[in-house]
1. Can you give me the Cα centroid spacing of the range 42-65 and the range 2-33 in angstrom?
2. Would you kindly state how much longer the chain becomes between ALA52 and ILE17 on full extension, computed as 0.36 nm times their sequence separation minus their alpha carbon distance, in nm to one decimal?
3. Roll a 1.4 Å probe over the protein chains and send me the accessible area per residue for the range 14-78 in Å².
4. Kirkwood hydrodynamic radius, computed over distinct alpha-carbon pairs, for the chain: how many Å, to one decimal?
5. Would you mind computing, in nm to one decimal, how far apart the modelled labels at LEU3 and VAL43 are, each placed 7 Å from Cα along Cα→Cβ?
6. Of all accessible surface on the chain at a 1.4 Å probe, what whole percent is carbon and sulfur?
7. Give me a comma-separated list of calculated 3J(HN,Hα) values for the range 3-18, in order, Karplus coefficients 6.51, -1.76, 1.60 applied at θ = phi - 60°, integers in Hz, x for any Gly or Pro.
8. Explain nothing, just compute: Karplus ³J(HN,Hα) = 6.51 cos²θ - 1.76 cosθ + 1.60, θ = phi - 60°, for every residue of the range 33-43 in order, whole Hz, x for Gly and Pro.
Amino acid sequence: MVLLLFATAYRTVYSVIASYVVARLAPNRPMGHALVGGAVGFVLSTLGAVAAWNSNLGPHWYPVALALIALPTAWIGGKMRLIQLQTQTAPA
């Protein structure tokens, strides 16, 4: 149980970082790119949860949590990039 909580925590951090990187590399509309990445993560996590549901691989909350954090973490990563862009273009 503790290991799954740890895995959820580090996956949350990595998801935010990955979404920031996607937004950073986006040629335009960084939030849109980050959210598309989050949507892909949501779909893949949902498919993984459905596939693992009856296979007794562990508690059901873990794959559900991964699906639920996909879009919020993508938004946070995209928002971090937008804030960075705003501070770079703000007058001194």
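The values are calculated or read from the model by the stated rules, or taken from the named source; none is laboratory data. These numbers come from a predicted model, not from an experiment. All Cβ positions, even for glycine, are placed from backbone atoms using ideal geometry, and neighbour counts span all protein chains on display. Remember, those area values only see protein heavy atoms, side chains included, never the ligands or the DNA or RNA. Shrake-Rupley method; radii C 1.70, N 1.55, O 1.52, S 1.80 Å.
1. A separation of 19 Å, based on Cα centres.
2. Contour length minus Cα-Cα distance gives 10.0 nm.
3. On a per-residue basis, 61 Å².
4. About 14.0 Å, per the Kirkwood formula over Cα pairs.
5. Rounded to a tenth, the inter-label distance reads 3.2 nm.
6. Carbon with sulfur: 73 percent of the solvent-accessible area.
7. Taking θ as phi minus 60°, the curve returns 5, 5, 5, 5, 4, 5, 5, 6, 5, 5, 4, 5, 5, 5, 4, 4 Hz for the range 3-18.
8. For the range 33-43, the Karplus-derived couplings read 5, 5, 5, 5, x, x, 5, 4, x, 5, 5 Hz, x marking Gly and Pro.
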